[in-house]
Each structure stands twice: as C-alpha cells, then as structure tokens.
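Below: one structure, written as structure tokens.
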Amino acid sequence: MDLEDIPLRLKKGEPIAFLDEYAVISDLHIGFEKELLNDGYVIWDKTQETLDKILHIEKRKLIILGDIRGSFTQILPLEGGMIFRVINSLSAKFEEVIITKGNHDGGLSKITSRLGNVQLVDEFIYKDIGFMHGHAMPSKKLVSESTTVCLGHMHPAVTLKDSNSVYYKQDCWLLMDVRMPKGLYPQGKLKYAVVFPKFNPYIGSSDDIKKKGIMKYSKTVKRITTDLLVV
C-alpha cells in the first residue's frame, strides 16, 4: 500500500479522515476519567472538550469506528448521561451518524436506538471501503465487497527522536497490506487496511500492534503521524 492508494483525505494535526460527505474518527472513550480515577489519577471531565472538537468538523455525515465508551462494565447513570449528551449532540449536528460497535460499546444500543439518524452496526460499507472497529474478524461480505478497510481499536503510535536525541511517542495512522486467507474468504478482494489514531488524546497508544484478528494477515507498510510525517 502506498499513499496514492489511500481512499481518504487526512487532516494535518488532527486524527480525522474525510471521504466524500463523511468525516471518519475513532475511539472516543467517553467516561475514561473514571477508569483513571480507579487507578489513582484525578482528571477533570473532558467530555465537552471531546464533543466540541467533533462538532467543529465541517462535514454532513460522521462515521465513528467504535469505542464510544471508556468502560467495559454496565452503563451506569452518570456515564449514560455523558454518552447520551454526546450522541444526541452529534445527531443534531450531522445528517447521519454511523457507529461501528467496539469492544467497549456494550449497552450502547439503548442510547442509539432513541435517535433516528444514528446507526450502531458491526460493519459499514461505502463504495468499496469497509469500516469496522477492528477487535473482531471482518465478515465475508466486507472482505468480498471492499478493497480497503478502515479500523480503530489499536491506538497506533510511532516512536520518534527529536533534535536533542530525546525519544517521544506520537499518534499515527497505519497503512497496511492485507492478505486474508482464501480458505476463510474465498471471494475476498480486500487488499489494504488503514488503522486510525485514537480521537481522544488523553488515552494511551502503542507502537506495538498485537497480531490478533485481522492483524494476523496484515503487514505495516507505512506509519503516518498526525502531522502527516511519513515514517
């Protein structure tokens, strides 16, 4: 996969991609502050900050590649209120909101089902591009109808060295070649994957991508930092 193979337009300095009428983001982790509190870290509520950034996106439609929630447990009233405020605001802003369900998103359908222009789905296909969270294997339909799949879940980063020889980590996009096994996907035409950086800047990222799920059949070709530096 090379840069010209990317069916998306990336925005410098932002973990956002654009495709026709759609803006695409991933991994909001609303309510992550509570998880940090459980580990002894105190951080003020970042929900409105996250929401404001999304509301400033100038597109008519929005795709979120999963992990709206920060928690794995049952949605409690406080978290539910935060998530409803976010999704309700996105419903009012965008003509269509598509959320590909992530591994954190249990119980989310109780909220999304209240809003007519919000879809919570396992996968979404637009033209020949598939969208999913990335924690599970893709369906045969997605692999047979898509040449490129957009994924979240991994929170990819790259380790760089500055002019003072100090190493630091920066969120990035992963461009990957994909070869799905013919035994499982005999009609497959999927060739590429784009792994999105997390939208929430306050949660962790890693330059160690575990070879699980679709990653077993994927090879990283390039890393592009959110400043569009090709590594």
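The values are calculated or read from the model by the stated rules, or taken from the named source; none is laboratory data. None of the values given here were measured: they were computed from a predicted structure. Every residue, glycine among them, receives a Cβ derived from its backbone with ideal geometry; neighbour counts consider all protein chains shown.
Side notes on the structure shown:
- Qualifying residue in region 88-95 (condition: touching an Asp or Glu at 6+ places or on another chain (Cβ under 6 Å) and over 17 Å from M132 (Cβ atoms)): no
- Flag if L62 is on the phi < 0 side of the Ramachandran plot and touching a strand residue (DSSP E or B) at 6+ places or on another chain (Cβ under 8 Å): yes
- Scanning region 195-231 for residues that are surrounded by fewer than 17 Cβ atoms within 10 Å (Cβ to Cβ), outside any loop (DSSP other than H, G, I, E, B) and charged (D, E, K, R) turns up K216, K219, K222.
- Filtered residues of region 198-231 (kept if of a type in the set (K, R) and under 30 Å from T47 (Cα atoms)): K198, K210, R223
- Just one of (1) in contact (Cβ under 8 Å) with a residue 12 or more places away in the chain; (2) out of contact with any Lys or Arg (no Cβ under 8 Å at 6 or more places or on another chain); (3) closer than 18 Å to F199 by Cβ fails for T47. It is (2).
- Any hit, region 186-194, residues being in contact with a Leu (Cβ under 7 Å, 6 or more places away or on another chain), among the small types (G, A, S) and either modelled with pLDDT of 95 or more or outside any loop (DSSP other than H, G, I, E, B) (or both): yes
- For region 109-159, a residue qualifies if it is in contact with a helix residue (DSSP H, G or I) (Cβ under 7 Å, 6 or more places away or on another chain) and among the polar types (S, T, N, Q), and the qualifying residues are T112, N117.
- Any pair with Cβ under 9 angstrom, 6 or more apart, that starts in region 166-188 at a residue that is in contact (Cβ under 8 Å) with a residue 12 or more places away in the chain and under 19 Å from E145 (Cβ atoms) and ends at one that is of a type in the set (S, T, N, Q) and surrounded by fewer than 20 Cβ atoms within 10 Å (Cβ to Cβ): M176/T220; D177/T220; Y185/S144; Q187/S144; G188/S144
- So E33, is it among the acidic types (D, E), buried (at least 18 other Cβ atoms within 10 Å of the Cβ) and touching a helix residue (DSSP H, G or I) at 6+ places or on another chain (Cβ under 9 Å): yes
- Matching option when the condition is closer than 27 Å to Y126 by Cβ, of a type outside the set (F, W, Y) and buried (at least 17 other Cβ atoms within 10 Å of the Cβ), among I75, I54: I54
- Among residues that are surrounded by 13 or more Cβ atoms within 10 Å (Cβ to Cβ), over 16 Å from the mean Cα position of the chain (by Cα), among the aliphatic types (A, V, I, L, M) and part of a helix (DSSP H, G or I), M1 is not included.
- The set of residues from region 110-134 being part of a helix (DSSP H, G or I) and either surrounded by fewer than 14 Cβ atoms within 10 Å (Cβ to Cβ) or of a type in the set (A, V, I, L, M) (or both) comprises K110, I111.
- Qualifying residue in region 160-168 (condition: under 21 Å from G66 (Cα atoms) and in a loop (DSSP other than H, G, I, E, B)): no
- Of all residue pairs spaced 6 or more apart or on separate chains, those with beta-carbon atoms under 7 Å, a first member in region 108-127 that is under 18 Å from D20 (Cα atoms) and free of Cβ contacts under 8 Å to residues at least 24 places away in the same chain and a second member that is surrounded by 16 or more Cβ atoms within 10 Å (Cβ to Cβ) and of a type in the set (A, V, I, L, M, F, W, C) are I125/L142.
- Checked against (1) at pLDDT below 95; (2) surrounded by 15 or more Cβ atoms within 10 Å (Cβ to Cβ); (3) among the hydroxyl-bearing types (S, T, Y), S144 passes all but condition (1).
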